[in-house]
Amino acid sequence: MAFETLGATPARVGARTHHITVAKGDGIGPEIMDACLKVLNASGAKLIWDEIEIGEKVYAAGISAGVRADAWDSLRRTKVFYKAPITTPQGGGVKSLNVTVRKTFGLFANVRPCFSLAPYVATKHPAMDVVIIRENEEDLYAGIEHRQTQDVYQCLKLITRPGTERIVRYGFEFARLNGRKKVTCFTKDNIMKVTDGLFHKVFDEIAAEYPDLESEHWIVDIGAAKLADKPEQFDVLVLPNLYGDILSDVAAEIAGSVGLAGSANIGANLAMFEAIHGSAPRRAGQDVANPSGLLMGGVMMLQHLGEAKAAERVRNAWLKTIEDGIHTYDVFKDGVSKLRVGTQAFADAIIARMGETPTTLATRGKGGAWPAIPVLKPRTPQVKTMLGADLFVDWRDGPAALGDKLSALPLGPFKLSMVTNRGVKVYPEGAPETLCVDHYRCRFLLEKDIKGSAALVAELMMRVAQAGFDVVKIEGLYAFDGEPGFSLGQGQ
Ligand code: NAD
């Protein structure tokens, strides 16, 4: 197959030619990417591409990001990345390539349509048609982790107002543009009142600007259970990063197979399109993998490039192939499927149906209008006041001794208000049943009318450290426009 590579076939390079960057990845990546490029090439869209190397070989060459420096130049030039899955090496020392690309280029929105192909692909949820819009840069994926004591390891969860406003607005705009009716948000703000609480609050604020759309919020545990049981009750979901990561795989799997769903990663500087599944190394090199997920990524890429007609041709030909019972092993079912094919034969079957339209599946996964990147409104600076500080100390002699010793120290305007262990108050008046590890959070509040400052907190830490305590971390306690910006201790 003579694929077009950069500059290879000038005859097809016209006004509507699109220049993209392609990476074939690891495991089943090269074979599904070849199949998808073959199909996209037959759609009428004119694509030329740079091929860059990513993944296993690049990691093995000692490049911990899994992507070579010259690949960044191609991505900056084309601004569109069509990426096959890679194998992420186990163990430390390497960074996730996906996370690096997403964060380097600010790909804040991950859009994953998950729809059923019933009755041709088995699913318990024939009416399912949801789009999961996942925040892609923040939350626990900031990758800021520390070991602070012998017992305690920490991962920082960051939720920001600009990041949340952008993804939530993008979700509502996506729903409106694509004729969707409802936008749902899941958080765990009954527990994480500050971080998930912000996500929920911003969701409610922005929902009020879209009265034409229904909006709802569920606590993520019951929301996830409902999504897995009755996905047809959901339409567009806007989720923080971790919940979105997990639930978009669940949604794809219950729709039929993880092998069927594509994913778009959208930012102001670059858009990346891929399958949601990984490199399935055990299936590599056998021409058996299903290229549908990567192809659905390709359809979204065509839509993003303004090639709506070509995208529709590919989607229709793919749906017609599925309707005709031509299936790869992962979705093949006796009695429903007619012909079991490998990767390349599946692609050829799609190409043979280019221009045809499906009957039963015609409206499945329809849509693909892409909103503009939301512009953030300028914000009024808030008045930030320091109320005190939490000092975390490495300590092994129990909460009572710690609390008594800290209370007896001369700490100027600061007073010890409580000590917690793993978030639970253990001083004063802790419960004897609480398991304590070697990591205590000691909350010091400033006396009323004392103006707090970083210098005062530094002095507090110095005094505590000079008294022999091993301070492993400090968090300032602030109020913004008078509203405290920190949680209480559990049991406080
Ligand atoms: P996986 O998605 O690669 O495979 C899980 C199973 O799903 C496979 O064993 C296979 O049975 C099935 N499967 C997946 N895709 C299929 C397809 N297209 N056709 C048919 N069957 C398919 O998940 P994994 O085994 O946990 O991960 C393998 C590697 O992929 C790991 O190194 C992981 O880090 C990496 N990964 C990469 C990406 C990415 O690059 N975007 C995403 C997820 C996982």
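The table below lists the values:
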| read-out | value |
| --- | --- |
| Residues of the range 252-264 classified as surrounded by 24 or more Cβ atoms within 10 Å (Cβ to Cβ) and either out of contact with any Gly (no Cβ under 9 Å at 6 or more places or on another chain) or at pLDDT below 90 (or both), total | 3 |
| Filtered residues of the range 78-96 (kept if open to solvent by less than 70 Å² (accessible area, probe 1.4 Å) and more than 16 Å from the ligand (Cβ to nearest atom)) | THR78, VAL80 |
| Unique residue being assigned to a helix (DSSP H, G or I) and in contact (Cβ under 8 Å) with a residue 12 or more places away in the chain when the list is GLY367, GLY403, GLY388 | GLY403 |
| Filter result (touching a residue at least 24 places away in the same chain (Cβ under 8 Å) and not in a loop (DSSP other than H, G, I, E, B)) within the range 410-427 | PHE414, LYS415, LEU416, SER417, MET418, VAL419, THR420, VAL424, LYS425, VAL426, TYR427 |
| Condition broken by ASP394, with the remaining ones in (1) touching a Ser or Thr at 6+ places or on another chain (Cβ under 6 Å); (2) closer than 30 Å to VAL202 by Cβ satisfied | (2) |
| Unique residue being under 22 Å from GLY29 (Cα atoms) and open to solvent by 20 Å² or more (accessible area, probe 1.4 Å) when the list is ALA345, ALA352 | ALA345 |
| Options LEU242, LEU319, LEU295, LEU270; residue that is under 25 Å from GLU165 (Cα atoms) and open to solvent by less than 10 Å² (accessible area, probe 1.4 Å) | LEU270 |
| Boolean, GLU433 is open to solvent by 50 Å² or more (accessible area, probe 1.4 Å), farther than 21 Å from LEU156 by Cα and over 36 Å from the mean Cα position of the chain (by Cα) | yes |
| Every pair of residues 6+ apart whose Cβ atoms lie under 6 Å, when the first sits in the range 432-450 and is closer than 10 Å to PRO399 by Cα while the second is among the aromatic types (Phe, Trp, Tyr) and open to solvent by 20 Å² or more (accessible area, probe 1.4 Å) | TYR440/TRP395 |
| Subset tally (residues that are in contact with a Leu (Cβ under 8 Å, 6 or more places away or on another chain) and either outside the structural domain of GLN303 (by TED's automatic domain parsing) or free of Cβ contacts under 8 Å to residues at least 60 places away in the same chain (or both)) for the range 24-36 | 0 |
| Odd one out for VAL131 among (1) of a type outside the set (S, T, N, Q); (2) open to solvent by 40 Å² or more (accessible area, probe 1.4 Å); (3) away from the ligand (no atom under 16 Å from the Cβ); (4) within 16 Å of PHE273 (Cα to Cα) | (2) |
| Qualifying residue in the range 62-71 (condition: in a helix (DSSP H, G or I), more than 16 Å from the ligand (Cβ to nearest atom) and assigned by TED's automatic domain parsing to the domain that holds ILE276) | yes |
| Residue that is most open to solvent (accessible area, probe 1.4 Å), among those in the range 54-77 that are of a type in the set (Val, Ile, Thr) and farther than 12 Å from PHE105 by Cβ | ILE63 |
| Pick from the range 275-295, criterion closer than 24 Å to VAL314 by Cα and more than 6 Å from the ligand (Cβ to nearest atom), ranking: nearest to the chain's Cα centre (by Cα) | ILE276 |
| Total residues in the range 142-154, condition open to solvent by 50 Å² or more (accessible area, probe 1.4 Å) and either under 21 Å from ASN110 (Cβ atoms) or in contact with a Pro (Cβ under 8 Å, 6 or more places away or on another chain) (or both) | 1 |
| The range 243-262, residues that are out of contact with any helix residue (DSSP H, G or I) (no Cβ under 6 Å at 6 or more places or on another chain), over 19 Å from LEU140 (Cα atoms) and within 11 Å of the ligand (Cβ to nearest atom) | GLU253, SER257 |
| Strands (runs of 3 or more DSSP E) lying entirely in the range 116-219 (those with 3 or more residues that are closer than 19 Å to GLU232 by Cβ) | 129-135, 182-187, 214-219 |
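The values are calculated or read from the model by the stated rules, or taken from the named source; none is laboratory data. Quick caveat: nothing in here was measured; it's all calculated off a predicted structure. Note that we place each Cβ from the backbone using ideal geometry, even for glycine, and neighbour counts take in every protein chain shown. These accessible areas exclude ligands, DNA and RNA; they are computed on the full protein's heavy atoms, side chains included. Shrake-Rupley method; radii C 1.70, N 1.55, O 1.52, S 1.80 Å.
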